[in-house]
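Encoded as structure tokens, the structure appears first; notes follow it.
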Amino acid sequence: MVLARFLPRDERFFEYFRDAAQNATEAAQRLLELIENYQDVERKVRRLRDLEHRGDEITHQIYNALNRTFVTPLDREDIAALASKIDDFVDYVEEVAKRMWLYRVDQPTEPAHLLARIIAEPAALFAEAIPLLENNKHSDKLLRYTVDINRLENEADDALNHALAALFDNATDIPSLVKAIRWGELYQQLEDATDRGEDVANTLEGIVLKNA
């Protein structure tokens, strides 16, 4: 279509996605650092809040670009979906940190350490996988990343089940019962963050298969 050559284009979508992936990676890494070095908690939570706001800004940039662009490098609904899924991941990561601060957690548990490490892994894979969207030649490699991210989500499911199974073992009075209930909620939120990572992977997989 000759007219399409003169209609608005925006080739920055891939740049926005790279920024979003890097922001998600940093957020997950900051959560891991918070849990593995549980000091100066309020400052670290504020930093995660800043990253969550940064993620919102990038998502708005993508939506604004969609509104002003006629020719897009991927289907419009796929661009919107991927932006939304990455943003959701960062939201869930930030929510875990905020809730730990609000609950005045004294020290993270070993299951929390494990789940935080699992969260950081798919986020790092986002940063490697998403730039591959620019070139169809990398479809097979990108699909391998999505398989790895799905595997990590399964590991998080197992970690959550083990944590919940032992949750009330030492709940012998009201304070310890309250603590156990709060940790049950935190474990679920940590695992939910890995679910949102899997959502990113599934969206990437759908885009790759559609454009293969």
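The values are calculated or read from the model by the stated rules, or taken from the named source; none is laboratory data. Bear in mind that the values here come from a model prediction, so they are computed numbers and not experimental data. Ideal geometry is used to build each Cβ from the backbone, glycine not excepted, and the neighbour counts take in all protein chains shown. For the accessible areas, the whole protein counts, side chains as well, though only heavy atoms, and no ligand, DNA or RNA atoms are used. Shrake-Rupley method; radii C 1.70, N 1.55, O 1.52, S 1.80 Å.
If you count Lys pairs in the chain whose Cα atoms are under 30 Å apart, skipping same-chain pairs closer than 8 places in sequence, the total is 10. How much of the accessible area of the chain, probe 1.4 Å, is carbon plus sulfur, in whole percent? Here it works out to 49 percent.
With a 1.4 Å probe rolled over the protein heavy atoms of all chains, the accessible area of 92, 38 falls in the order 92, 38, largest first. Pull out a ≥ b ≥ c, the square roots of the eigenvalues of the alpha-carbon gyration tensor of the stretch 54-169, then state rounded if a/c is under 1.5, prolate if not and a/b is larger than b/c, and oblate in the remaining case. Oblate.
Distance from the alpha carbon centroid of the stretch 158-212 to that of the stretch 62-107 works out to 18 angstrom. For the chain, relative contact order (Cα pairs under 8 Å, six or more residues apart, normalised by length) works out to 29 percent. Projecting the Cα atoms of 177, 209, 188 onto the charge dipole of the chain, computed from C-beta unit charges around the Cα centre, puts 209 farthest toward the positive end. Between residue 158 and residue 84, what FRET efficiency follows from the Cβ-Cβ distance if R0 is 30 Å, with the result rounded to 0.05? E between residue 158 and residue 84, to the nearest 0.05, is 0.65.
With a cut-off of 20 Å on the backbone N, the residues of the stretch 80-103 near the modelled label site 7 Å out from residue 46 along Cα-Cβ are 94-103.
With every protein chain in place and a 1.4 angstrom probe, the accessible-area ranking of 59, 109, largest first, reads 109, 59. Helical content of the chain, expressed as a calculated mean residue ellipticity at 222 nm, amounts to -27500 deg cm²/dmol (DSSP H runs of 4 or more residues, -39,500 (n - 2.57) each, divided by residue number, nearest 500).
Using only side-chain charges placed at the Cβ, +1 for Lys and Arg and -1 for Asp and Glu, the dipole size of the chain relative to its Cα centre rounds to 680 debye.
Among 72-84, 180-192, the peptide with the highest mean count of other Cβ atoms within 10 Å heads the list, and the full ranking is 180-192, 72-84.
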